[in-house]
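Every number here is computed from the coordinates shown, using simple stated rules; none is lab data. Predicted model, so just to flag it, every value in this text is computed and none were measured. Cβ: placed from backbone, ideal geometry, glycine included. Neighbour counts: every protein chain shown.
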Amino acid sequence: MADSSFDIVSKIDRQEVDNALNQTAKEVSTRFDFRGVGASINWSGDHGVEIRANSEERAKAVLDVFKDKLVRRQVSLKIVDAADPKPSGREYRIGIQLKEGISQEDAKKIGKIIRDDGPKGVRAQVQGEELRVSSKKKDDLQTVISLVKGKDLDLALQFVNFR
């Protein structure tokens, strides 16, 4: 019998993030408490978002609205890496990086968790920015998924290509 396998990946659903960003921009433009503070949010490159406002508190409030919109769209907040508000002339800016992919150290950590705590006969191999987990028994793979989900890793993980 052939091995069963699945992949552990960390990908951003860019469409959902874009929708959350657009909803945040719309709410910021219409909400009373954001009037006259020059608050805005927009893309800054492929994996970055920039928030601008004329006070540190308003910039943080825009960030909170953005996080709320992400949660409502079932996007994990673990992808958001927000910097502290920095003054830039008359306004404050918050740079946000969106984390995607599993680094080599994180892949090794997950592989160690699977080796140490997972069922015997389960193999995990790093393939670029993802991890392929394989075993002869599908039940062992289900156990590994629940094991990895139970660990508090600082990554938004998805389990794909289950076969």
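Secondary-structure-derived ellipticity at 222 nm for the chain, considering helices only, amounts to -12500 deg cm²/dmol, per-run term -39500 (n - 2.57) for DSSP H runs with n ≥ 4. Applying 1/(1 + (r/R0)^6) with R0 = 45 Å to the Cβ-Cβ distance of Asn161 and Ser88 gives a FRET efficiency near 0.55. Holding the Cα-Cα limit at 29 Å, pick out from Lys67/Lys120; Lys69/Lys112; Lys109/Lys136; Lys86/Lys112; Lys67/Lys137; Lys26/Lys78 the pairs that are longer than that. Violating the 29 Å limit, Cα to Cα: Lys67/Lys120; Lys69/Lys112; Lys86/Lys112; Lys67/Lys137.
Straightening the chain between Ser76 and Trp43 buys 10.1 nm, computed as 0.36 nm per residue apart minus the Cα-Cα spacing.
Would you mind ranking Thr24, Thr143, Thr30 so that the residue whose beta carbon has the fewest other beta carbons within 10 Å leads the list? Present the calculation step by step, with values, prior to reporting the outcome.
Values: Thr24 25, Thr143 17, Thr30 9.
In order of increasing Cβ crowding within 10 Å: Thr30, Thr143, Thr24.
Can you compute the equivalent ellipsoid semi-axes for segment 14-98, i.e. the square root of 5 times each eigenvalue of the Cα gyration tensor, sorted largest first and rounded to whole Å? Intermediate values should be presented prior to the final figure.
Values: eigenvalues 76, 44, 21 Å².
Gyration-tensor ellipsoid for segment 14-98: 20, 15, 10 Å.
Within the chain, the longest run free of GluC sites (Glu not before Pro) that sit in a DSSP loop with at most 16 other Cβ atoms within 10 Å is 1-99. Angle of helix 138-150 to the longest C-alpha principal axis of the chain, folded into 0 to 90 degrees and rounded to 10: 30°.
Overall dimensions of the chain, expressed as equivalent-ellipsoid semi-axes from the Cα gyration tensor (√(5λ), whole Å, largest first), are 40, 14, 12.
The angle separating the long axis of helix 104-117 from the principal Cα axis of greatest extent in the chain is about 50 degrees.
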